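What follows is a single structure, and I will ask about it in a moment.
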Amino acid sequence: MSQTDTETNETRPAIVGRGLSKVYGLGRRQTEKALAADDPRAAAAAAGGYLGAHDIDFEIAKGEMFVVMGLSGSGKSTVLRMINRLNEPSAGELLIDGEDITQVSDQRLRQLRNNGIGMVFQHFSLFPHRTVRENAAYGLKVRGTTRSERLEKADAALERVGLGGRGDKLPHELSGGMRQRVGLARALAVDPPILLMDEPFSALDPLIRRDMQDLLVELQAQDQRTTVFVTHDLNEAMRIGDRVMVMRDGRSVQVAPGPEIVAHPADEYVSEFVADVDRARVLSAGDLVRPPRLVLDEETSRADALTRLGENEVTGAFVTDAEDRLLGVVTADRVADLSSGESLREALGEPYEQVGPDDVVGDFMQLAGRQVVPVTVLDDDGRIVGVVPRAAILSALSTANGASAETKEVAHA
Ligand SMILES: Nc1ncnc2c1ncn2[C@@H]1O[C@H](COP(=O)(O)OP(=O)(O)O)[C@@H](O)[C@H]1O
Ligand SMILES: [Mg+2]
């Protein structure tokens, strides 16, 4: 195990990939030659092989939900399967909790696959003649746990995925969505520190798919398990991923949190890719927040308050207490009506709309532009994080072709 001085068990990334490449169909010499060429993709193809992934870098934190997203054939599964070496990397380093697994013995690799890294595929291969419970317990079999312990853990996992009480059923007695839950339960029963998921929900109907996404988000909130999740569905990636790696033609073109990818696509390709995303559900108040124009301490005198309202050309100002907590909003009119000696507290009462940093735009956009101050973003302690002006919402929701959300709305009306 390699460990640097600055890294501790907690801060060390769960999975690190450095310069990972995969060439299919060529021997070692030809692979090396292709990867050293100016255009490895063309060189691999010219030699009769195929460049599945090229020079991929990533660092996945412990507990992170890391999504690999791209069109079919972009190399997502290639990258995922290198992490447990179902695919031998042709070049590069792969560290699992600091251990370079491209170098480990077969025995250590087996151990990692059995205990350390779970995997969930699109098509779970459930055993048709075994009960749901036995299917869920399957992953524990290779670990030498007793039968009663296995079944107990399987039942607990089935409970977690909403299949409590269905352990005695056979797979064919369940719907497609429920069968996927059994596959998920099978992975959860082993409780591995790392979970790899390759398009697990891609074969499901949209509504069931959404349910499964919700379930995964819920389980992840409880477990904070390091998970690498492959999907070709952008909205799915945005819904469940802490960060998303966008792949194109075997390359990683951007790694960032979903909202950042939508707000700042790395290139034209990503920008076109995200053009159709439901921005209102991806972007949150925290992504669009701006500093408030004017915040007045409650001790500010009537005269000073009026001066600053005038200087800042605002119709309303926030008033905070000594701990910077928001007390309310005042307008110039209300401040002007104060008699000298009265504090700004007496002028409060102007309505305002407040949201949290994680609230998505779609849930509060209709509130924007209604009050004298923009939608106000407060933290858990009631302090002002900032504001989201209506203009910021409209510009963030405008699509790549320049049509703003507002004109779209009008066009649909
Ligand atoms: N075992 C293999 N042998 C040859 N080519 C492969 C193999 N596996 C994948 N490929 C090719 O590598 C490319 C990337 O595949 P894959 O990683 O499965 O993409 P994705 O999961 O994004 O759809 C595809 O063009 C695919 O045909
Ligand atoms: Mg794939």
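The values are calculated or read from the model by the stated rules, or taken from the named source; none is laboratory data. Only a predicted model underlies this, so the values are computations on that prediction, with no experimental measurement involved. Here the Cβ is made from the backbone with ideal geometry for all residues, glycine too, and neighbour counts use every protein chain on show. Ligands, DNA and RNA are excluded from the accessible area calculation, which covers all protein heavy atoms including side chains. Shrake-Rupley method; radii C 1.70, N 1.55, O 1.52, S 1.80 Å.
Against the condition of a type in the set (A, V, I, L, M) and within 16 Å of ligand 1 (Cβ to nearest atom), how does residue 161 come out, does it pass?
No.
Also, quick follow-up: Tell me whether segment 185-195 contains one or more residues that are touching a residue at least 12 places away in the same chain (Cβ under 8 Å), in a loop (DSSP other than H, G, I, E, B) and either in contact with a Gly (Cβ under 7 Å, 6 or more places away or on another chain) or buried (at least 23 other Cβ atoms within 10 Å of the Cβ) (or both).
yes
Here is a follow-up. For segment 21-135, list the strands (runs of 3 or more DSSP E) that sit wholly inside it and hold at least 3 residues that are more than 14 Å from ligand 1 (Cβ to nearest atom) and within 30 Å of residue 242 (Cβ to Cβ); which are they?
Filter on segment 21-135 gives 50-60, 91-96, 117-120.
Six or more apart or on different chains, Cβ atoms under 7 Å: show the pairs whose first residue is in segment 41-55 and open to solvent by less than 10 Å² (accessible area, probe 1.4 Å) and whose second is among the polar types (S, T, N, Q) and assigned to a strand (DSSP E or B).
The qualifying pairs are 53/21.
Given 338, 327, which one is open to solvent by 40 Å² or more (accessible area, probe 1.4 Å) and either closer than 25 Å to residue 301 by Cα or part of a loop (DSSP other than H, G, I, E, B) (or both)?
It is 327.
Next question. Starting from residues that are open to solvent by less than 10 Å² (accessible area, probe 1.4 Å) and β-branched (Val, Ile, Thr), keep the ones in segment 236-266 and report whichever is modelled with the lowest pLDDT.
Here is the first cut: in segment 236-266, the ones open to solvent by less than 10 Å² (accessible area, probe 1.4 Å) are 236-237, 244-247, 250, 256, 258, 261-262.
Restricting the remaining residues to those that are β-branched (Val, Ile, Thr) gives 244, 246, 261-262.
Numbers: 244: 97, 246: 97, 261: 93, 262: 90.
It comes out as 262.
Say whether the condition of being aliphatic (A, V, I, L, M) and assigned to a strand (DSSP E or B) is met by at least one residue in segment 267-290.
No, every residue in segment 267-290 fails to be aliphatic (A, V, I, L, M) and assigned to a strand (DSSP E or B).
Could you list, in sequence order, the residues of segment 14-31 that are away from ligand 2 (no atom under 16 Å from the Cβ), touching a residue at least 24 places away in the same chain (Cβ under 8 Å) and among the charged types (D, E, K, R)?
Listed by number, the list holds a single entry, 18.
Among the residues in segment 76-87, are any away from ligand 2 (no atom under 16 Å from the Cβ) and surrounded by 14 or more Cβ atoms within 10 Å (Cβ to Cβ)?
Within segment 76-87, one or more residues are away from ligand 2 (no atom under 16 Å from the Cβ) and surrounded by 14 or more Cβ atoms within 10 Å (Cβ to Cβ).
Got a sec? Which of 198, 214, 223 is closer than 20 Å to residue 64 by Cβ and within 16 Å of ligand 1 (Cβ to nearest atom)?
Values: 214 fails: within 16 Å of ligand 1 (Cβ to nearest atom); 223 fails: within 16 Å of ligand 1 (Cβ to nearest atom).
Result: 198 is the single residue among 198, 214, 223 that is closer than 20 Å to residue 64 by Cβ and within 16 Å of ligand 1 (Cβ to nearest atom).
State which residue pairs qualify: first residue under 12 Å from residue 231 (Cα atoms) and inside segment 59-85, second residue within 13 Å of ligand 2 (Cβ to nearest atom) and among the acidic types (Asp, Glu) in any location, beta carbons under 6 Å apart, and separation of 6 or more residues or different chains.
That search, which allows pairs on different chains as well, returns 77/198; 80/198.
Ok, one more. Only one of (1) open to solvent by 10 Å² or more (accessible area, probe 1.4 Å); (2) in contact with a helix residue (DSSP H, G or I) (Cβ under 9 Å, 6 or more places away or on another chain); (3) of a type in the set (Phe, Trp, Tyr) fails for residue 269. Which number is that?
Unmet for residue 269, out of (1) open to solvent by 10 Å² or more (accessible area, probe 1.4 Å); (2) in contact with a helix residue (DSSP H, G or I) (Cβ under 9 Å, 6 or more places away or on another chain); (3) of a type in the set (Phe, Trp, Tyr): (2).
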